[in-house]
1. Enter the Cα centre distance for the pair segment B:141-209 and segment B:223-297, rounded to the nearest angstrom.
2. Calculate for the protein assembly as shown the 222 nm mean residue ellipticity that helices alone would give, adding -39,500 (n - 2.57) per DSSP H run of length 4 or more and normalising by residue count, nearest 500 deg cm²/dmol.
3. Ignoring chymotrypsin sites (Phe, Trp or Tyr not before Pro) that are buried or in helix or strand per DSSP, and keeping those with at most 14 other beta carbon atoms within 10 Å, what is the longest stretch of chain B between them?
4. Distance from the Cα centre of segment B:354-397 to that of segment A:164-213, in angstrom?
5. Measure nothing but the geometry: give the 0 to 90° angle between the long axis through the Cα atoms of A:39-58 and the longest principal axis through the Cα atoms of chain A, rounded to 10°.
6. With a cut-off of 8 Å between alpha carbons and a minimum separation of six or more residues, what is the relative contact order of segment B:277-459 in percent?
7. Against the globular-protein guess of 2.2 N^0.38 Å, express the Cα radius of gyration of chain B as a ratio, rounded to two decimals.
8. When the label point is put 7 Å from the Cα of B:Glu322 along its Cα-to-beta-carbon vector, which residues of segment B:409-436 have a backbone N closer than 18 Å?
Amino acid sequence: MSRLPVTKTYKLYLGGAFPRSESGRTYEVEGANVALASRKDLRDAVRAARGAFPKWAGLTAYNRGQVLYRVAEMMEGRRAQFAELTGGESEVDEAIDRWVWYAGWADKLAQVLGSSNPVAGPYFNFTVPEPTGVVGIVAPDEPPLAGLVSRLAPAIVGGNAAVVVASERRPLAAVTLAEALATADVPGGVVNVLTGRKRELCTVLASHMDVNAVDLTGADDDVAELERLAADNVKRVVRNGEGQSPWHAAAFLELKTVWHPIGV
Amino acid sequence: MRAVTDLEKRQDRSPVPSAFEYASAPESRDIVRLEESYGLFVGGEWVEPHSGEHQASVSPRDEEPLAAVAYADAEDVDVAVRAARDAYANGWSELAPSERAKYLYRIARILQERSREFAVLESLDGGKPIRESRDVDLPLAAAHFFYYAGWADKLEYAFPNRTPRPVGVAGQVIPWNFPLLMLSWKVAPALAAGNTVVLKPAETTPLTALLFCDVLRQAELPPGVVNIVTGDGRAGAELVKHPDVDKIAFTGSTEVGKEIQRAIAGTGKRLTLELGGKAANIIFDDAPLDQAVEGIVNGIYFNQGHVCCAGSRLFVQESVYEEVVAKLKRRMGTLRLGDPLDKNTDVGAINSEQQLERIRELVETGEEEGAEIYQPPCRLPEKGWWFPPTVFTNVAQSYRIAQEEIFGPVLSVLTFRTPDEAVEKANNTPYGLSAGIWTEKGSRILSMAQRLRAGVVWANTYNRFDPASPFGGYKESGFGREGGLHGLAPYLEFDE
């Protein structure tokens with residue numbers, strides 16, 4: 001007798017747990033039933049991210065780097081599974097290598113992006129990067145895995161927490177990535193992944209007053225509307241991020257300049 | 001003449017007993033020669049505005065009309081942007097960076113040379129004390145040009161492996177609190193990076209920007225590289241939405257900053273915003289209190305409090321509260337309010353009648369909501385727009401005076417017990433531009449500096465500025481940095 005395979009229920013990733021949508025809704029995509037997140041799910045995800053942010057930002061950069069590297073390790077072990085859900089092994093390898101690349105940046109960003117400033121007076125003056133807070137990411141549809149990782153890794157490497165709206169057409173890789181994150185010591189709430197309708201979720205994300213920055217790389221033709229909503233609390237907006245660069249991480253960092261007099 | 005408010009009636013108009021009486025020491029205004037009327041500075045020439053509209057720029061110290069200033073409309077802005085594009089495409093973008101640098105050095109030197117003239121005009125047009133325009137605005141404006149001049153031919157060292165290129169035409173809109181200094185914060189990095197500029201000065205303080213055009217000519221800057229269009233908010237809005245402007249830089253209120261961000265949504269234009277603030281200035285019980293009180297006073301009464309990074313919320317540790325407030329009130333009694341051109345003046349005129357109204361309105365809400373007001377005895381001049389240095393005690397975090405930017409000489413005092421409480425309260429604002437910390441304990445300075453959500457943190461000092469030091473906010477205080485190496489990036493494109 002042949003064995004009946006155990007099929008997976010594709011759920012949300014929210015605050016470190018895998019709940020169904022509070023609305024109970026699902027939608028059919030890529031041959032599976034996937035959770036159809038509601039606007040309330042999105043607001044809950046922002047709360048989870050805000051709650052997780054201080055601890056994640058407060059870790060040492062070395063520690064965050066190791067957690068990101070651990071994500072690469074966890075993905076490597078699921079290479080075959082990811083390959084099935086994506087464009088194949090080369091995309092999976094690109095995604096894994098991207099985590100490794102950004103893992104190495106964790107404790108180098110401050111040196112490259114910060115500065116010691118030679119002011120004309122008896123003051124010690126320096127500038128350091130700090131995470132902006134909660135970053136909303138609208139993941140691109142293609143490539144479903146590498147596209148998301150390319151936006152997520154630079155957002156969290158500097159200490160931000162993220163709320164991801166996964167590709168509407170290709171969400172399975174995103175949910176599976178969440179499973180790798182959950183087992184990679186990424187603290188619950190640092191990354192939250194929502195599947196569902198972009199049109200429904202993105203306006204809430206862009207206008208949410210407790211989101212500090214949005215990456216609209218995966219937003220479709222409604223980018224202008226989302227940017228307008230983002231102005232409600234002066235969000236930092238990334239429009240189009242491709243490839244890998246420390247400047248992608250810089251887009252989600254604030255610069256703080258500190259002065260102190262030099263004296264006895 | 002304006003009506004006398006209740007607040008003013010209550011004030012003690014008798015001479016200040018605690019302060020010395022100084023004979024007035026007015027700076028001569030003869031050094032400033034103003035035209036009767038100014039056009040727009042476009043393509044290196046003075047042109048009349050398309051509508052023919054002019055309005056007087058008025059001195060806030062006595063409401064004297066100083067000169068008629070042109071009001072640009074959409075057509076004028078379009079002509080200016082074309083001039084900037086033309087200058088960019090035909091010469092400026094191909095000029096050797098080392099030559100760009102030399103123009104900027106020239107501008108810096110001419111500003112130094114003519115600094116007294118500019119300082120007097122700044123105080124006349126904007127109402128700030130001559131001591132500040134002479135010792136702060138002008139030296140810093142010149143220093144900004146000198147600093148960015150040096151970067152012009154070193155961009156590949158500032159951004160290694162990124163092949164920096166200019167963005168194109170920068171549209172810049174600046175406020176009225178530091179007119180020439182804000183111009184230099186905008187123009188110097190834009191030119192150093194190889195861009196051309198259309199700049200819109202504030203409606204109430206256009207004159208030093210217009211005098212600056214004379215400096216540009218003296219420096220022989222090619223026509224169209226910098227264009228100055230005066231007017232009101234309409235001109236600024238036209239500049240922001242002009243399709244051939246590649247980059248917008250704005251300094252001003254958070255409200256207008258949001259409008260600008262909305263206006264350019266979807267266009268792909270680059271944007272930096274330096275917006276409002278409600279900075280916390282935090283005094284711990286081990287701080288050198290006399291020094292801290294000087295810092296508090298400088299933090300809020302500098303430039304009549306017309307400072308986006310003003311330390312407008314004072315947090316005092318409970319154990320030294322009485323002492324700090326007593327010292328503060330005593331120090332406030334020695335502040336000399338009066339003629340901005342008098343070299344003894346500490347607190348000058350309020351920039352405009354509209355701003356005075358806004359300050360009065362918020363101060364009234366402070367009293368209505370239950371805060372206790374103190375103003376030292378000081379005589380307000382009969383003519384012009386004035387507001388005395390003011391401090392509120394008994395302030396709850398929810399009061400409007402503790403939440404909203406007043407942009408005037410009004411301080412709200414709150415208290416705290418522990419560093420955690422100070423951080424919680426200080427960060428309890430949508431703004432995040434600046435903060436101050438006063439304590440002798442080094443490790444506490446560093447932990448507080450780390451936890452305060454603000455772009456500039458001054459420890460045991462306040463309101464220090466330098467061209468080498470990046471400035472800009474967190475949260476609703478805007479994004480992007482001005483000053484330092486970081487201040488170049490918004491004016492550059494990179495390969496990546």
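1. 14
2. Details: 26 runs with 286 residues, N = 760.
About -11500 deg cm²/dmol.
3. Details: sites that count: B:Phe20, B:Tyr22, B:Phe494.
That would be B:23-493.
4. 48
5. That helix lies at roughly 40 degrees to the long axis.
6. Values: 356 pairs, mean separation 56.5, N = 183.
Relative contact order, segment B:277-459: 31 percent.
7. Numbers: Rg = 22.4 Å, N = 496, 2.2 N^0.38 = 23.3 Å.
Dividing the Cα Rg of chain B by 2.2 N^0.38 Å gives 0.96.
8. B:414-417
A short reminder: the numbers here are calculations on the coordinates, not readings from a lab. If you're wondering where the values come from, they're calculated on a predicted model, not measured in any experiment. Don't worry about glycine lacking a Cβ; one is built from the backbone with ideal geometry, like all the others, and counts go over all protein chains shown.
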